[in-house]
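I have placed the structure first, in the form of structure tokens, so that the comments after it can refer back to it.
The values are calculated or read from the model by the stated rules, or taken from the named source; none is laboratory data. The structure displayed is predicted, hence computed values, not measured ones. Heads up, the Cβs are rebuilt from the backbone with ideal geometry, glycines too, and the neighbour counts pull from every protein chain shown.
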Amino acid sequence: IAALGAVSRMSTAAADASPARGSPPAVRNLIGGEFVESRADSFVDVVNPATQEVVSRIPLTTDEEFKSAVHAAKRAFPAWRNTPITARQRIMFKLQELIRRDMDKLALSITTEQGKTLKDAQGDVFRGLEVVEHACGMATLQMGEFVSNVSHGIDTYSIREPLGVCAGICPFNFPAMIPLWMFPVAVTCGNTFVLKPSEKDPGAAMMLAELAMEAGLPDGVLNIVHGTTGTVNNICDDDNIKAISFVGSNTAGMHIYGRASSKGKRVQSNMGAKNHAIIMPDASVDATLNALVAAGFGAAGQRCMALSTAVFVGDSKPWEDELIKRAKTLKVNAGIEPGTDLGPVISRQAKERICRLIQSGVDSGARLVLDGRNIVVPSYEDGNFVGPTILSDVTANMKCYEEEIFGPVLLCMQADSLEEAIKIINENKYGNGASIFTTSGASARKFQNEIEAGQVGINVPIPVPLPFFSFTGSKASFAGDLNFYGKAGVQFYTQIKTVTQQWKDLPSQGVSLAMPTSQ
Ligand code: NAD
């Protein structure tokens, strides 16, 4: 375990090279191209959730350090925005190659700090890598429009220009993918960036920053500051920052959305979820049950696209027994161990909260048909493990249904018809994603048209769109109007400018004060 901690730590550039004997290394900030040790007097431990080993500690960046990161980004902006788009893209081409080269190291860091299995950690990196690949085509993505001769001798065209300094605030559950949703798109559009990784697992973001520098990103284009609420508030308040990308909980997201947009900033805020699956009695039994188990318990339920509620329609209700059987076969262990299906949840507090919500379900009348609360994992007795848990006969008024659990807990509900199932989902405040499992095209089409969720799966459990589309959560799962990555992502990080030009060699027609028209 100790060896694992040592191997997975970031390079000495990104972390304190010579920590006091026995003390964990302090993660550095990245300011103006330099990995610098913070002068902070408060730090937060980064803890391996399978062992409680302190892997490193992040500083609560001081206000002065924060300002110097923003100034570094501001200083780097004029030269970077004037760097040819082809040169900016070429850095992304190189970055994707380096991410592939270091995929295993990145995955090991994620498993150590976040807990998910190595294979799942590779998926985390890969889904971010795809955004970098997409950013390689930024010239085409950022193209403006041109209409010739809107009036005699007059043309109008639009240009997408970078905003300036942008910032990103990340959650713990995808330590590589989510930073990669943000800075590659922003910087390839010509912006400079200040990133705040999650205080719980900053390692992957630091490695990615090192790779971005190795790929040729100039000093100051990407900066990293560590911290928690104080740093986030500094990001919201700083007038030099023009746009904020946030992914995380509703509490933080709505706070950031309100505080930063009142200062005139653009904000895109991806937040919590309660993703439902409707199981129609005509669905293919085996494939549906496998999908429910994978999407309900994968990553220990700590995905914003986890399926946390299954709504069984009519005769599909008895499938629950087989679902329980399959969930029981999953192996709970440290993410580093071969053959593990579910790793630990992120923290002791997260485990306590999950267990409390399970108990509240029981107390309000749900049946606990699979209980993962008391699991003990040999050799990892201190880990924050929760085994697969299934609560049956859940109803919409229960706290375990109203709140996002964010753990390996699947809630089962019942409906008599597709209409009733759709109504249940539409009444839920979240709108990240929803799926239907059916062999009926008519049911699938009805679901697609009537469901109020931003990302819809048809016989697919986790519909996270690839980067040529956007991540389109809706209702309480998103605040803002331009989503992450895809065309909307490019629009978010650019300001559109419309130019009308007149080049003609005609005799003067004198002065007219009437509104110009093309009649
Ligand atoms: P979190 O909100 O606790 O933390 C996210 C970030 O916000 C961190 O960087 C943290 O330092 C900061 N933060 C936390 N509380 C804050 C506060 N009160 N004020 C200001 N800043 C604050 O979220 P988390 O626990 O790291 O991540 C899990 C949550 O993220 C879940 O709700 C999950 O659904 C959501 N999530 C959503 C998506 C999506 O795309 N919709 C993707 C991943 C995760």
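So for the stretch 486-497 (the condition being under 30 Å from residue 393 (Cα atoms) and in a strand (DSSP E or B)), does at least one residue qualify?
no
Applying the selection to the stretch 424-456, what residues are more than 14 Å from the ligand (Cβ to nearest atom) and touching a residue at least 40 places away in the same chain (Cβ under 8 Å)? Talk me through it step by step, then tell me what you get.
Step one: of the stretch 424-456, the residues more than 14 Å from the ligand (Cβ to nearest atom) are 424-427, 435-452, 456.
Hits for the stretch 424-456 are 424, 425, 435, 436, 437, 438, 439, 440, 443, 447.
Which condition number in (1) away from the ligand (no atom under 11 Å from the Cβ); (2) touching a residue at least 40 places away in the same chain (Cβ under 8 Å); (3) touching an Asp or Glu at 6+ places or on another chain (Cβ under 7 Å); (4) closer than 30 Å to residue 411 by Cα is the one that residue 281 fails?
(2)
Are there any pairs, at least 6 apart or on different chains, whose C-beta atoms fall under 6 Å, with the first in the stretch 15-43 and under 25 Å from residue 212 (Cβ atoms) and the second of a type in the set (A, V, I, L, M) and modelled with pLDDT under 95, and if so, which?
25/15; 27/15; 28/14; 35/13; 35/14
Among what's in the stretch 332-352 and is within 16 Å of the ligand (Cβ to nearest atom) and of a type outside the set (D, E, K, R), pick the residue that is farthest from residue 293 (Cα to Cα). Walk me through it before giving the result.
We begin by selecting, within the stretch 332-352, every residue within 16 Å of the ligand (Cβ to nearest atom); these are 343-352.
Remaining after also requiring of a type outside the set (D, E, K, R): 343-347, 349-350.
Working: 343: 15, 344: 17, 345: 17, 346: 20, 347: 23, 349: 25, 350: 21 Å.
For the stretch 332-352, the residue satisfying everything is 349.
Taking the stretch 177-200, which residues are touching an Asp or Glu at 6+ places or on another chain (Cβ under 9 Å), more than 9 Å from the ligand (Cβ to nearest atom), under 20 Å from residue 253 (Cβ atoms) and not in a helix (DSSP H, G or I)?
Across the stretch 177-200, the qualifying residue is only 194.
Select from the stretch 201-237 the residues that are within 14 Å of the ligand (Cβ to nearest atom) and aliphatic (A, V, I, L, M) and list them in ascending order.
Passing the criteria: 204, 205, 224, 225, 232, 235.
Kindly indicate the residue of the stretch 52-71 that is assigned to a strand (DSSP E or B) and without any contact (Cβ under 8 Å) to a residue 40 or more places away in the chain and also farthest from residue 115 (Cα to Cα) among those meeting that condition. Reasoning before the result, please.
First, pick out the residues of the stretch 52-71 that are assigned to a strand (DSSP E or B): 54-59.
This time we only want the ones that are without any contact (Cβ under 8 Å) to a residue 40 or more places away in the chain, so: 54, 57.
Values: 54: 13, 57: 17 Å.
Per the stated criteria, the residue is 57.
Considering only the stretch 138-150, I want to know if a residue exists there that is over 17 Å from the mean Cα position of the chain (by Cα), acidic (Asp, Glu) and loosely packed, with under 15 Cβ neighbours inside 10 Å.
Checked against the condition, which is being over 17 Å from the mean Cα position of the chain (by Cα), acidic (Asp, Glu) and loosely packed, with under 15 Cβ neighbours inside 10 Å, the stretch 138-150 yields at least one hit.
Take the residues in the stretch 238-261 that are within 25 Å of residue 65 (Cβ to Cβ) and assigned to a loop (DSSP other than H, G, I, E, B); name whichever of them is nearest to the ligand (Cβ to nearest atom).
Per the stated criteria, the residue is 248.
On the basis of being surrounded by fewer than 24 Cβ atoms within 10 Å (Cβ to Cβ), under 21 Å from residue 226 (Cβ atoms) and basic (Lys, Arg), does residue 200 make the cut?
Details: surrounded by fewer than 24 Cβ atoms within 10 Å (Cβ to Cβ): yes; under 21 Å from residue 226 (Cβ atoms): yes; basic (Lys, Arg): yes.
Criteria met by residue 200.
Taking the stated definitions as given, is residue 358 more than 16 Å from the ligand (Cβ to nearest atom) and more than 19 Å from residue 404 (Cβ to Cβ)? Reasoning before the result, please.
Details: more than 16 Å from the ligand (Cβ to nearest atom): yes; more than 19 Å from residue 404 (Cβ to Cβ): no.
So residue 358 fails the test.
Please verify whether the stretch 362-382 includes one or more residues that are polar (S, T, N, Q) and either surrounded by 21 or more Cβ atoms within 10 Å (Cβ to Cβ) or within 16 Å of the ligand (Cβ to nearest atom) (or both).
no
Does the stretch 1-51 hold any residues that are at pLDDT 95 or above, farther than 20 Å from residue 62 by Cα and outside any strand (DSSP E or B), and which are they?
48, 49, 50, 51
Filter the stretch 329-350 down to residues that are more than 21 Å from residue 106 (Cβ to Cβ) and surrounded by fewer than 20 Cβ atoms within 10 Å (Cβ to Cβ), then give me how many there are.
So the count comes out to 7.
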